[in-house]
Amino acid sequence: MKQPGSKQLLAGALATTLLTPLAHAHHSFAMYDSNKIYVMTGIVTRLDPNPNHLQVFVAPLNNERTEVLKDDKGEPVVWAIEMRSAGEEARHGITVNAFPRGSIVSIGFHPLRNGFPGGGRGKNGFFKCPDDTPPAAGKHCDSVPGSKLYGEGGLTPTEPMPKQAAPKP
């Protein structure tokens, strides 16, 4: 049996080194219900610029757009929406500085299948209202003059968001 030469070993090692990160670079999106799109308008509580996936944490506003929704204990309900990598989103202008705490935003997303308050943006819209200018009752930031779309997509829900999210684990 012929032993592999150094060229074959080097080629094999190089291929393994180059292809392994691609196989492990991304997780599955099976946790999100891709058949549902919710649209939420709320207040940014924080933005986590994780290199793998930027996350925006949003406390939804009531339909009148006058106050944040709260759970049974009177605490704000906060949803965690996952996006692409922080670097990719920064190219679209989505940064910690662009979305300080208190920013009013509207975002479309695929909810978590388990019912917990979270989801993945996918290719849905992400709009920021002008400072201190919430949309009219029942409307979203895309209806406010001077609002800005970050990235791509629109705000087209397939069904309304639930009134209150499932309890936190």
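Derivation of every value follows stated rules applied to the coordinates shown; laboratory data play no part. The structure presented is a predicted model; accordingly, all values stated were derived computationally and were not measured. Note that each Cβ is placed from the backbone with ideal geometry, even for glycine, and that neighbours are counted across all protein chains shown.
Remarks
- Counting the residues of the range 77-95 that are touching a Pro at 6+ places or on another chain (Cβ under 9 Å) and closer than 19 Å to Pro162 by Cβ gives 4.
- Of residues in the range 120-134 being among the charged types (D, E, K, R) and in contact with a Phe, Trp or Tyr (Cβ under 9 Å, 6 or more places away or on another chain), the one surrounded by the fewest Cβ atoms within 10 Å (Cβ to Cβ): Lys128
- Test for Val44: is it farther than 18 Å from Pro100 by Cα and in a strand (DSSP E or B): no
- In the range 135-157, the residues that are in contact (Cβ under 8 Å) with a residue 40 or more places away in the chain and over 12 Å from Val105 (Cα atoms) form Cβ pairs under 9 Å with partners that are of a type in the set (Gly, Ala, Ser) and surrounded by fewer than 18 Cβ atoms within 10 Å (Cβ to Cβ), at six or more places apart or across chains, as follows: Ala136/Ser143; Gly151/Gly93; Gly153/Gly122.
- Where a residue in the range 115-130 is under 19 Å from Pro100 (Cβ atoms) and its partner, wherever it lies, is part of a loop (DSSP other than H, G, I, E, B) and among the aromatic types (Phe, Trp, Tyr), with Cβ under 8 Å and at least six apart: Phe126/Tyr150; Phe127/Tyr150; Lys128/Phe99; Lys128/Tyr150
- Taking the criterion of being of a type in the set (Gly, Ala, Ser), out of contact with any Gly (no Cβ under 7 Å at 6 or more places or on another chain) and assigned to a loop (DSSP other than H, G, I, E, B), the residues of the range 140-164 that qualify are Gly146, Ser147, Gly151.
- Filtering Pro100, Pro60 for residues that are within 15 Å of Cys129 (Cα to Cα), surrounded by fewer than 15 Cβ atoms within 10 Å (Cβ to Cβ) and out of contact with any Pro (no Cβ under 8 Å at 6 or more places or on another chain) leaves a single hit, Pro100.
- Qualifying residue in the range 90-98 (condition: assigned to a loop (DSSP other than H, G, I, E, B), over 14 Å from the mean Cα position of the chain (by Cα) and free of Cβ contacts under 8 Å to residues at least 24 places away in the same chain): yes
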